[in-house]
There are 2 protein chains.
Amino acid sequence: MVNETQHTCSASSSSKSDGGSSSGSESSKDSSRCSTPVLDADRHERLREKMRRRQDSGDKWFSLEFFPPRTANAAVNLISRFDRMGAGGPLFIDVTWHPAGDPGSDKETSSMIIANTAVNYCGLETILHMTCCHQTKDDITGHLQKAKRLGLKNIMALRGDPVGEEWEEEVDGFNYAVDLVKHIRNEFDDYFDICVAGYPKGHPEADSYEADLRHLKEKVVAGADFIITQLFFRSETFLKFMKDCQAIGITCPIIPGIFPIQGYHSLRQLVKLSKLEVPQEIKDVIEPIKDNDAAIRNYGVELAVSMCRELLDSGMVHGLHFYTLNREVATTEVLKRLGMWNEDPRRPLPWAVSAHPKRRVEDVRPIFWASRPKSYIYRTQEWDDFPNGRWGNSSSPAFGELKDYYLFYLKSKSPREELLKMWGEELTGEESVFEVFTCYITGEPNKNGHKVTCMPWNDDPLATETNLLKEQLEKVNRRGILTINSQPNINGKPSTDPIVGWGPSGGYVFQKAYLEFFTSSEIVTALLKVLKKYELRVNYHIVNVKGQNITNAPDLQPNAVTWGIFPGREIIQPTVVDPVSFLSWKDEAFALWIEQWAKLYEEESPSRMIIQYIHDNYYLVNLVDNDFPLENCLWQVVDDTFELLN
Amino acid sequence: MVNETQHTCSASSSSKSDGGSSSGSESSKDSSRCSTPVLDADRHERLREKMRRRQDSGDKWFSLEFFPPRTANAAVNLISRFDRMGAGGPLFIDVTWHPAGDPGSDKETSSMIIANTAVNYCGLETILHMTCCHQTKDDITGHLQKAKRLGLKNIMALRGDPVGEEWEEEVDGFNYAVDLVKHIRNEFDDYFDICVAGYPKGHPEADSYEADLRHLKEKVVAGADFIITQLFFRSETFLKFMKDCQAIGITCPIIPGIFPIQGYHSLRQLVKLSKLEVPQEIKDVIEPIKDNDAAIRNYGVELAVSMCRELLDSGMVHGLHFYTLNREVATTEVLKRLGMWNEDPRRPLPWAVSAHPKRRVEDVRPIFWASRPKSYIYRTQEWDDFPNGRWGNSSSPAFGELKDYYLFYLKSKSPREELLKMWGEELTGEESVFEVFTCYITGEPNKNGHKVTCMPWNDDPLATETNLLKEQLEKVNRRGILTINSQPNINGKPSTDPIVGWGPSGGYVFQKAYLEFFTSSEIVTALLKVLKKYELRVNYHIVNVKGQNITNAPDLQPNAVTWGIFPGREIIQPTVVDPVSFLSWKDEAFALWIEQWAKLYEEESPSRMIIQYIHDNYYLVNLVDNDFPLENCLWQVVDDTFELLN
């Protein structure tokens, strides 16, 4: 009897009962044990494995295609679109190769750098397109090497479009996508997952539909892992194509490319490029409303939703690929109507994980960068490895300096005029700075009627979790305790809690209360007297811009402030207050006063002098209440401090 | 104002407020960060640093001297005495060098092996004595190298006694302890802490008291770190000696050697050897009661207590060294009356830490060896390092096989006849085995009137913590669920809790409920059906002697079952259920049926066949209830299983 239910240690059929958010055994094949617990198999799997697992579990997915922006400002916007659309849970995004835009360069608008940003700074599984015509083998190898170095793991191998009207053979290069697939497999072995394009109606330049199918099979045989199709207008087109592919022995995943019609002109342009014919029944609807963008978009959404439903209902389609045209509304709407947009994403860890392969075991970060994760990734990008889920064994973490505030993925989303409206055209004293902080916390408009939706230390409105502390935060900011980071204490809430939960279901999460703020030396003096009473219950680190450092931490050990307990897992402690890292954060936190705020004003202007004064004289303070099962005592500490000052 | 209270990050004056059980900054000097949190500075400090820290904090300490045993049985007893007296909290123990007993050999009675056992298996800071006369330099270097290899860190450098009546100069060796001190420093640099002997009345062979003081100073100048004195009978003798030492510039710690008089004959022998004179007032008391051992011991305790009080009250003495003569009662009594015996020792971790330097970062162990820590240390002795507080990064832990059940530090404390009385002279069936398990749990005598105070898997009576589960354990053992390891769930009790607490004060400890038992395949079959209902709430591993392995663990990751949260620290998770280690433990757990139990009976005897049957057919099961904040469901699992069988 026992033998009937028996399975060995490494088998993991039972893991499926976990609901898909944890488990999976792929990661355990290479080594019997990881240094850090695997919470999220996704982080360890290749894209093709993720696809297979989602297909096996019947869990439908979607992906999103973007093209590189034309200007640096557009790049800033695209990156924040990645963050917003990433929240809906795409399996991957892809970035097209834009031959005219120097696609392999280090420009902030290049395909390479946009894909790099998506992977490393937005944590998105990303496919970089690459075309092969009009380029030498060496150029292409160089691009692929660079992509690998940046942590990109997936390539969409394409031929590219002819320069003139007619196709001309390249002598010392590649002429077909299949050549590029072979080249990638020859030069990089199995490192990249390779995607190729399929044409449900046949490639316009192909001799015939059948000939094109044979070309597609050649690409798969050469090493492609899956296929994404050109757009089409009827589900039958795709389903027939898929059956025809299967008939000639193509067994890899074939993902339909969905194009929600978003406007008259974009449709016309796309049709021209793709040489596709728009079905008459669609033309009949669109022509009469061609000047009504909203009506066309509504129709496009409707059309896409019904076509996607047909595809999904066929049982042959497991994932949908969306041509977004870099726009959010239509695609998001389609996905929401299909029930595929992940409204309440389960966070694998309390912070956004990066998708670079070398960071896939990363599972601890200092809390200081909670609102500036991209800056943290930037400053730790040179770290070779995360053997313990973070910096090396017993050496001091070498943070890169942050001087590059101008980098597009670190810039504020708001332009200078917006910032001035929020933070004040003219400051009259420290109190006007207190007022800005207070308005940011409360969400109330400032005296000029503008809401403060971001701060130099936080480019987004207040986090839901921080909202739990809103009342107290308002009170203390008004009096000059200028908070930039905080979390409430949590004593064992379910890991599925919508506000503070993270990690797989069935677990419990915990937090120590944390408060970080700038304040004057007068308040620090009183605070230190008050803190004496609390002894080791409250750990503090207080530092000014010159690096004068006051702490009661017994040594340089990190203090875990967020941790989780999960079934069958070691303890996960993703967030720490780390005394050594605090000194690196301090440089950044103080510099943001100048870089983001003071520089809005004329040199020597009173407003600028006020910010400069705060920068030069205030202290940065962090407080941890170690007694997490009791009521958070940090508000009492602050109250006692004000009491003492009165 | 702020600057007045300022201290830098690495300063740790605040750490003293922690009450001494944690903190201390010595360990942070070499590296800014350890891979594992430092809970207990003691484990990282050298003996001389521990002495200094205790002196600075005014925390009085004691140490205990033992001599090597003459027989293997006596060695077993001495090791369990180390465990019992170690619980009182000595700063160190020392083991004398017994030239006649082949002291540097691998014999289980040698000084070297006894000291090795104290360090590695009992976790005691240990000084090994070493004499230098009648030995070549090479011999001595060999002994020192061996001591270092075994993890010994402290040497008491002595000359040794002459073979005949008169001292003869050694040509190719050492003639004085100072030569040995110099040799150790020359050959081993600063590796060892070195102790030397002081004679409060002057060495009997010295030309004068003053000449002997000069010799002592030479030993200190040559590199000795501290001094332990010969015994003496009056506190004035020691205090005068100490002042005389200080007067000639000896500044290292001088520890008085205390000899509680325990009997007439041992006193006479010691006096003969040491050539000391017993003061008349002591003789006057002892002579009349010389045949009354109890009376002499009472007097000896009284005398020692009052002398120790005088020494401590002088303010010059910070530690007391006891000549135990390998006996427990008198020394323990003196220490208890002085209030220096640590009645409720704070455990730095839930398991006894080993004092070998390479294990000082060890902070995770599998729960399976909870009752057999010496076996765990033995089987992991070849591990080179504990970079993550345990086995290496991502490789499978290579446990040594346990074939050496005869090793004296792994043997049962009870002789064969005792074991037969407890476990049954004759077994009549599996039920008589159930009965033995049940009696062990309840503490009730078996049907022949003998209490079962140990089991093959546990050489000690039931742990206090296990007592919390006594009622349920009794019930299930009666029905053939033969428990060998268990712990209750704990949801955040203070780290100072007398039963389940561990680590520094101010923390909280947690546990997942755990149950491990042998049981029949019939019960396993029912159990597996029941476990389906519990899904991932209960993780199980079920294995038989042949290695058939049934589990619902999603992969080979360890499950943390004990963890602690402390002020200013990362999370500590000292105990895990580790699927890979379980298979190594399984071999040991099954073998104990045969090695410790079956072999008590004649080959082919019915009793032996019964144990052999259980060994061949039963399963070893472990269960973890992951939902630690809820009521332990493992008893319900077992009840449901019995229900199903009915």
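The values are calculated or read from the model by the stated rules, or taken from the named source; none is laboratory data. The structure presented is a predicted model; accordingly, all values stated were derived computationally and were not measured. All Cβ positions, glycine included, derive from the backbone under ideal geometry; neighbour counts span all protein chains shown.
Key figures
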quantity	calculated
Test: residue in the range A:577-591 that is assigned by the TED database to the domain that holds A:Pro494 and over 19 Å from A:Phe399 (Cβ atoms)	no
Single residue of B:Asp640, B:Asp625, B:Asp616 found to be closer than 30 Å to B:Phe510 by Cβ and away from chain A (no Cβ under 14 Å)	B:Asp640
Single residue of A:Ile127, A:Ile79, A:Ile93 found to be under 12 Å from the mean Cα position of the chain (by Cα) and more than 21 Å from A:Lys413 (Cα to Cα)	A:Ile93
Search result, residues across the range A:286-298 that are in a helix (DSSP H, G or I) and either assigned by the TED database to the domain that holds A:Val329 or surrounded by fewer than 16 Cβ atoms within 10 Å (Cβ to Cβ) (or both)	A:Glu287, A:Pro288, A:Ile289, A:Asp293, A:Ala294, A:Ala295, A:Asn298
Any chance B:Thr575 is more than 21 Å from B:Val364 (Cα to Cα) and either of a type outside the set (A, V, I, L, M, F, W, C) or out of contact with any Pro (no Cβ under 7 Å at 6 or more places or on another chain) (or both)	no
Candidates B:Pro558, B:Pro498, filtered to the one that is farther than 26 Å from A:Val509 by Cβ and at pLDDT below 95	B:Pro498
Count of the range A:617-641 residues which are in contact with a helix residue (DSSP H, G or I) (Cβ under 8 Å, 6 or more places away or on another chain), buried (at least 17 other Cβ atoms within 10 Å of the Cβ) and not in a strand (DSSP E or B)	9
The range B:611-628 residues that are more than 14 Å from B:Ser520 (Cα to Cα), paired with ones that are surrounded by fewer than 18 Cβ atoms within 10 Å (Cβ to Cβ) and of a type in the set (S, T, N, Q) (beta carbon under 9 Å, 6 or more apart)	B:Phe628/B:Asn491
Flag if A:Thr453 is of a type in the set (Ser, Thr, Tyr), more than 30 Å from B:Arg537 (Cα to Cα) and more than 25 Å from the chain's Cα centre (by Cα)	no
Spans of strands (runs of 3 or more DSSP E) in the range A:539-585 with at least 3 residues more than 7 Å from every other protein chain (Cβ to nearest Cβ)	A:559-565, A:572-577
Flag for A:Thr483 being outside any loop (DSSP other than H, G, I, E, B) and either modelled with pLDDT of 95 or more or among the aliphatic types (A, V, I, L, M) (or both)	yes
Those residues of the range B:231-266 which are at pLDDT 95 or above and part of a strand (DSSP E or B), in sequence order	B:Ile254, B:Ile255, B:Pro256, B:Gly257, B:Ile258
Test: residue in the range B:46-53 that is within 14 Å of chain A (Cβ to nearest Cβ) and modelled with pLDDT of 50 or more	yes
Matching residues in the range B:498-538 - criterion: being assigned to a loop (DSSP other than H, G, I, E, B) and either within 12 Å of another protein chain (Cβ to nearest Cβ) or of a type in the set (D, E, K, R) (or both)	B:Pro504, B:Ser505, B:Gly506, B:Gly507, B:Lys512, B:Ser520
Residue satisfying condition, being crowded, with 21+ Cβ neighbours inside 10 Å and of a type in the set (Lys, Arg), within set B:Lys532, B:Lys512	B:Lys512
Lone unmet requirement of (1) surrounded by fewer than 16 Cβ atoms within 10 Å (Cβ to Cβ); (2) touching a residue at least 12 places away in the same chain (Cβ under 8 Å) for A:Leu270	(1)
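Rundown of residues vs (1) touching a Phe, Trp or Tyr at 6+ places or on another chain (Cβ under 9 Å); (2) touching a residue at least 24 places away in the same chain (Cβ under 8 Å), yes/no style:
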residue	(1), (2)
A:Cys245	no, yes
A:Cys252	yes, yes
A:Gln262	no, yes
A:Lys290	yes, yes
A:Val305	no, yes
A:Gly315	no, no
A:Thr331	yes, yes
A:Val334	yes, yes
A:Arg337	no, yes
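Residues checked against (1) modelled with pLDDT under 90; (2) farther than 23 Å from B:Thr575 by Cα; (3) polar (S, T, N, Q); (4) buried (at least 19 other Cβ atoms within 10 Å of the Cβ):
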{"site": "B:Gln381", "(1), (2), (3), (4)": "yes, no, yes, no"}
{"site": "B:Arg390", "(1), (2), (3), (4)": "yes, no, no, yes"}
{"site": "B:Lys421", "(1), (2), (3), (4)": "no, yes, no, no"}
{"site": "B:Phe437", "(1), (2), (3), (4)": "no, yes, no, yes"}
{"site": "B:His450", "(1), (2), (3), (4)": "no, yes, no, no"}
{"site": "B:Arg479", "(1), (2), (3), (4)": "no, yes, no, no"}
